[in-house]
Amino acid sequence: MEIIYGSQGDETWKQNRLGSVGGSGIKRLMSKGKGKTRATFLYELAAEILTGVKYEGYTSQAMLDGLEKEEAALNDFSYITEFELERVSLIKGDTPRTHCSPDSLIPSIQSGVEVKAPLAHTHIKYVDENRLPLEYVLQVQYSMWITGYEYWYFFSYFPGIKPLLLKVKRDEAKIKEIEAATMVFLKDLDELVEKMR
């Protein structure tokens with residue numbers, strides 16, 4: 001893996017993500033249903049490679065609000081756990097065209113943090129269920145595949161409401177499934193790009 005330093009959202013971050021599968025994309029890569037499917041994701045990444053322009057997609061107000069709360073969430077996480085955090089732009093995987101963009105790394109224990117600052121009712125649901133939300137299982141395991149880390153922290157935050165702090169263990173079976181699906185997808189991506197040149 002290669003750690004790229006800088007700010008998430010800057011030009012370096014965007015360039016390093018061009019045509020690359022990230023943690024938030026793995027769910028789409030492995031999807032079989034309607035909506036944001038594997039095929040659409042394949043076309044988006046092929047377009048990025050061929051045009052050199054990052055596809056940004058739709059950003060909802062809830063997503064923007066969550067980004068604004070991220071700094072406070074990380075401060076809260078650091079206060080609770082007493083871990084010193086290291087902000088990074090992204091981490092390139094050993095497999096070309098793969099990366100993850102952790103919200104922060106914990107260098108002292110070789111781990112990372114996935115922070116979510118959802119709407120209040122969603123956060124309450126997460127806290128009440130007290131488990132890693134299903135929609136983030138693939139993302140967290142993908143990040144552990146990219147980094148080789150054994151654990152990853154998940155932290156859900158909303159001001160004034162009890163947070164959810166989970167230490168998620170590496171799932172080798174799930175990671176093998178992720179790796180296999182990613183390798184097939186990347187082969188399909190290379191073939192599609194060649195076809196379009």
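Structure values in brief
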{"quantity": "Pick from the range 65-106, criterion assigned to a helix (DSSP H, G or I) and small (Gly, Ala, Ser), ranking: surrounded by the most Cβ atoms within 10 Å (Cβ to Cβ)", "calculated": "Ala73"}
{"quantity": "Residue in the range 142-151 that is touching a His at 6+ places or on another chain (Cβ under 7 Å), at pLDDT 95 or above, closer than 28 Å to Ala180 by Cβ and β-branched (Val, Ile, Thr) present", "calculated": "yes"}
{"quantity": "Candidate set from the range 1-44 (those that are of a type in the set (Asp, Glu) and in a helix (DSSP H, G or I)); member that is farthest from Glu194 (Cα to Cα)", "calculated": "Glu11"}
{"quantity": "Selection within the range 126-164 - assigned to a loop (DSSP other than H, G, I, E, B) and either touching a residue at least 60 places away in the same chain (Cβ under 8 Å) or out of contact with any strand residue (DSSP E or B) (no Cβ under 9 Å at 6 or more places or on another chain) (or both)", "calculated": "Gly148, Pro159, Gly160"}
{"quantity": "Any chance Lys167 is under 28 Å from Ser78 (Cβ atoms), in contact with a strand residue (DSSP E or B) (Cβ under 6 Å, 6 or more places away or on another chain) and either of a type in the set (Lys, Arg) or surrounded by fewer than 11 Cβ atoms within 10 Å (Cβ to Cβ) (or both)", "calculated": "yes"}
{"quantity": "Count of residues meeting criterion [among the aliphatic types (A, V, I, L, M) and crowded, with 16+ Cβ neighbours inside 10 Å] in the range 152-164", "calculated": "1"}
{"quantity": "Qualifying residue in the range 57-64 (condition: closer than 23 Å to Pro159 by Cβ, modelled with pLDDT under 95 and touching a Pro at 6+ places or on another chain (Cβ under 8 Å))", "calculated": "yes"}
{"quantity": "Asp10 vs. criteria exposed (fewer than 14 other Cβ atoms within 10 Å of the Cβ) and at pLDDT 95 or above", "calculated": "no"}
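The values are calculated or read from the model by the stated rules, or taken from the named source; none is laboratory data. Remember, it's a predicted structure, so these values are computed and weren't measured experimentally. No Cβ is skipped: glycine too gets one built from the backbone with ideal geometry, and neighbour counts run over all protein chains shown.
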